[in-house]
Amino acid sequence: MKKLLLITVLTGLTSTVIATEKQDNNDEVNYLELASLMLKDNNLERAEFALSQVNQQAEAFDQQRFHVLTGLLQVRKNDHQAAIDAFLAAKKLGEVDSVIDVYLAQSAFATEQYPLTIDALNSAGQAVERIPSVYHMRGQAHWLLKQYEVALAVMDQASLIFPDDASFTRRKIFYLIELGMNSTAAELGQQYLEQQQADASDYVAIGNALRASGNLILALRFLERAKLKFPSDPDVSKALAATYISNQSYNTAAKIVHQLALIDNELMSEAAELYRRSGQRHLALTLNSLIENQEQKLKQRLGLLIELENYEQAANMEEDIKRVRIDDDENILYAMAYALFKVGDYDQAENYLSRITDSQLFQKAVEVRKIMADCADEPWRCR
């Protein structure tokens with residue numbers, strides 16, 4: 001939420017600030033007027049050059065307009081601190097158009113100077129009372145200053161002024177979730193979804209926010225309702241599966257992801273992993289056979305075979321692993337070494353163990369070597 005809130009209405013208002021003026025002397029170039037025209041045409045380089053040519057020592061020099069145009073140029077260049085400095089310099093010389101205060105607020109927000117953002121919007125006064133984005137900026141500035149009650153009040157005020165604009169209610173819902181007021185947020189969220197023509201993304205956004213807050217029951221309630229309303233929407237299914245995973249309901253999550261994987265094969269490994277977590281390793285192995293990405297498939301298959309204690313099949317994967325060139329992965333090296341050790345091929349197991357440098361895996365390799373040494377001395381113990 002901490003991103004720049006664009007003020008879309010400023011484009012029209014700006015033209016009043018940089019409006020054309022008649023030159024007093026046709027024989028002299030009015031560089032301020034030229035800069036204004038270049039800004040209107042969005043020709044920033046020429047506008048900057050024109051401003052650099054302004055004679056600031058001239059008797060008719062309009063210092064305030066110079067600072068305003070400089071500020072507008074810096075906004076267009078996304079140099080917000082330079083824009084702030086220019087706008088503040090202009091304001092010191094007298095009253096400025098309300099649009100300049102809004103530009104100042106926008107640049108202050110972009111540079112995380114939230115008190116200045118609020119001051120600038122206050123200075124803009126009644127001229128911006130009918131601009132919805134101003135309320136979003138004001139509310140978010142108060143929120144980021146941890147003035148939570150004021151931020152909520154701004155959303156309520158905006159909802160009264162713009163009753164047909166649901167964005168304020170939506171933002172308030174997320175504020176309530178961040179404050180941990182999940183029940184209130186869920187109640188308001190349900191009203192919002194019923195009263196507005198909410199799409200799947202609205203359900204997903206509220207459900208994900210509730211999940212992030214830790215209230216998995218409410219999140220599941222929202223997302224299960226969304227699943228009924230939008231049964232074919234993959235984002236709804238993914239959000240619902242993620243919430244079941246957070247709830248450690250791996251089997252339910254696996255079924256949801258499995259359905260998605262029938263259309264998107266890239267999700268097949270995730271579905272297999274979820275079945276593995278739920279204890280259904282043989283089903284996980286079946287899904288693994290459907291994975292198209294060979295590297296992903298072999299890595300997962302090796303782990304599953306070892307978990308199933310099917311060490312011979314795991315050891316027989318050696319050629320496939322070399323074929324897809326994943327034998328430089330130290331986790332694969334250790335897994336292959338372990339499988340070879342379990343089938344009694346100690347020499348080949350040692351070849352893999354000798355290539356391990358990772359500190360944690362190296363310690364495991366030492367333990368395997370010790371067991372292999374004991375088995376070599378007393379083979380009957382390892383049968």
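We did not get these values from a lab; they are worked out from the coordinates using the rules stated. Everything quoted here is computed from the prediction, not taken from an experiment. All Cβ positions, glycine included, derive from the backbone under ideal geometry; neighbour counts span all protein chains shown.
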Given the condition on the phi < 0 side of the Ramachandran plot and in contact with a Ser or Thr (Cβ under 7 Å, 6 or more places away or on another chain), answer yes or no: does some residue in segment 194-206 qualify?
no
In the set Phe362, Phe341, the lone residue that is closer than 20 Å to Leu302 by Cα, over 44 Å from the mean Cα position of the chain (by Cα) and assigned to a helix (DSSP H, G or I) is Phe341
Top-ranked residue of segment 99-119 - restricted to ones that are polar (S, T, N, Q) and without any contact (Cβ under 8 Å) to a residue 40 or more places away in the chain, ranked as nearest to Ala151 (Cα to Cα)
Thr117
Segment 305-330 residues that are on the phi > 0 side of the Ramachandran plot, paired with ones that are surrounded by fewer than 16 Cβ atoms within 10 Å (Cβ to Cβ) and of a type outside the set (A, V, I, L, M, F, W, C) (beta carbon under 9 Å, 6 or more apart):
Arg325/Glu295
Collect the residues in segment 143-170 that are surrounded by fewer than 16 Cβ atoms within 10 Å (Cβ to Cβ), more than 20 Å from Ala198 (Cα to Cα) and of a type in the set (Phe, Trp, Tyr), keeping them in residue-number order.
Tyr148
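Name the residues in segment 35-78 that are assigned to a helix (DSSP H, G or I), within 16 Å of Leu93 (Cα to Cα) and not charged (D, E, K, R), would you?
Residues satisfying the conditions are Gln63, Gln64, Phe66, His67, Val68, Leu69, Thr70, Gly71.
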Within segment 282-297, how many residues turn out to be closer than 25 Å to Phe341 by Cα and buried (at least 19 other Cβ atoms within 10 Å of the Cβ)?
4
Enumeration of residues in segment 141-150 that are free of Cβ contacts under 8 Å to residues at least 60 places away in the same chain, assigned to a helix (DSSP H, G or I) and more than 11 Å from Ile118 (Cβ to Cβ)
Tyr148, Glu149
Starting from residues that are within 38 Å of the chain's Cα centre (by Cα) and among the aliphatic types (A, V, I, L, M), keep the ones in segment 309-328 and report whichever is farthest from Asn351 (Cα to Cα).
Val324
